[in-house]
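Structure record follows, encoded as structure tokens.
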Amino acid sequence: MIPLVRRHATSSGWLSRSRDPRSRSVLRPTWRGASVGDQLNDSDRARRLDALGEAKPLGELLTARLAAPDIADGLLAAIDSEGRRHLLIPLAAGDDRLEDAETRGISVVTRELLIPGQGLGVCLDLTCHEPVGHDAFDLVGGDIVGGLLVVGERPARLVARTLAKWRRFWGDLPRSLLSREEQIGLFAELWFLLYWLLPATDPAIATRRWRGSLAARHDFEWQGRSVETKGSTVVRGPVFRVHGLDQLDAPEEGELLLFVLRLREERGAPHTLPRLIAEPRKALEADADAVGLLEVGIARAGYSPIHDAVYSQTTWRVLDERLYPVDGDFPKLSSTSLGHGVPPGVSDISYALDLSGCTGPSFTRPAEAATRLR
């Protein structure tokens, strides 16, 4: 445990305090989400952060410990006299400063630190103002720790980018878990985006085509073509649930394609929803606009990383993936196929689509459909 630290009023702001070099030998990483070093499980992480609360300081003091000594030297996790949690990120000479009060429950200021034995230093001080946000604050800290490993990454730029990302998820916290059906649906959409659409076109264009979370008619839409995606865990064959009589109707001008993904829940299988979400982020990391569009789509789909630990407990194996042109011979229902139409008083129609007997053309590999997806 690092000794209590004092925040001093100075010409530029505050503040603060001290680090015991002996703590390196006994402290372990606090923040989850970092890509290297020993990771704490949730109970260990909570216990160690709560230990800071047990040593809550008085007045203008902070109690702090090294947040991730094996990963990012000098990064401190701290608590103040009001029980608020802090992440203190040291700045080097010439680093940009940052002030941010736009993120719900979190603020960022640039402060001077008075560290006994080391003199004055400057840091970014991230403060979590709401106890209900502690788990989310840990996730933000994990993202930041991981980002600090990137050579040449500037702390202020990293923090600003990380908070901008998380604002998309925090707009209406707390979120409930997605249902199993919603998880499968989102998995299918992201699988198509990652492995079929992104290889065929520009990343920003591909992410703009994702329209499912915007309550659009089809999951992916662009000029002259639309794609509807379906995921299923039905074991007896390629059976998928279609919602409404117009879901498989082609756009007014162009072609409709149906992408279907068969999954099986299996212990030890390689895929989880959080792991799949991380993949397009990596693929798009060079294009900030594309990453932003992706994050907006994920958030609007109702997904929150707050529940990653729960989602990660379900592991999936992909059994089959196919892309079908929905032409005149494709098996489907529509309002015109019912003869006299839908009787008055009948609504919310859905039906099972069994593709085991479909003899029409289909694509089983992304490269086969690349020209259609450009």
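Quick notes
- Candidate set: the range 211-228, residues that are crowded, with 19+ Cβ neighbours inside 10 Å and touching an Asp or Glu at 6+ places or on another chain (Cβ under 7 Å); chosen: the one nearest to Gly292 (Cα to Cα): Gly212
- You will find that of Pro344, Pro331, the residue that is in the same structural domain as Lys230 (by TED's automatic domain parsing), surrounded by fewer than 16 Cβ atoms within 10 Å (Cβ to Cβ), in contact with a Cys (Cβ under 8 Å, 6 or more places away or on another chain) and not charged (D, E, K, R) is Pro331 and no other.
- Any hit, the range 178-191, residues being part of a helix (DSSP H, G or I), β-branched (Val, Ile, Thr) and modelled with pLDDT of 95 or more: yes
- Asp289 vs. criteria acidic (Asp, Glu), exposed (fewer than 13 other Cβ atoms within 10 Å of the Cβ), touching a residue at least 60 places away in the same chain (Cβ under 8 Å) and on the phi < 0 side of the Ramachandran plot: yes
- Candidate set from the range 347-373 (those that are aliphatic (A, V, I, L, M) and in a loop (DSSP other than H, G, I, E, B)); member that is surrounded by the most Cβ atoms within 10 Å (Cβ to Cβ): Leu355
- The set of residues from the range 315-374 being closer than 16 Å to Thr229 by Cα and among the hydrophobic types (A, V, I, L, M, F, W, C) comprises Val318, Leu319, Leu323, Val326, Phe330, Ala352, Leu353, Leu355, Phe363, Ala369, Leu373.
- Elements of type strands (runs of 3 or more DSSP E) contained in the range 63-168, each with 2 or more residues being among the charged types (D, E, K, R): 106-115
- The single condition among (1) touching a Leu at 6+ places or on another chain (Cβ under 9 Å); (2) touching a residue at least 60 places away in the same chain (Cβ under 8 Å); (3) surrounded by fewer than 19 Cβ atoms within 10 Å (Cβ to Cβ) that Arg281 does not satisfy is (2).
The values are calculated or read from the model by the stated rules, or taken from the named source; none is laboratory data. Everything numeric here is computed off the predicted structure, so don't read it as measured data. So basically every Cβ, Gly included, is an ideal-geometry build from the backbone, and we count neighbours across all protein chains shown.
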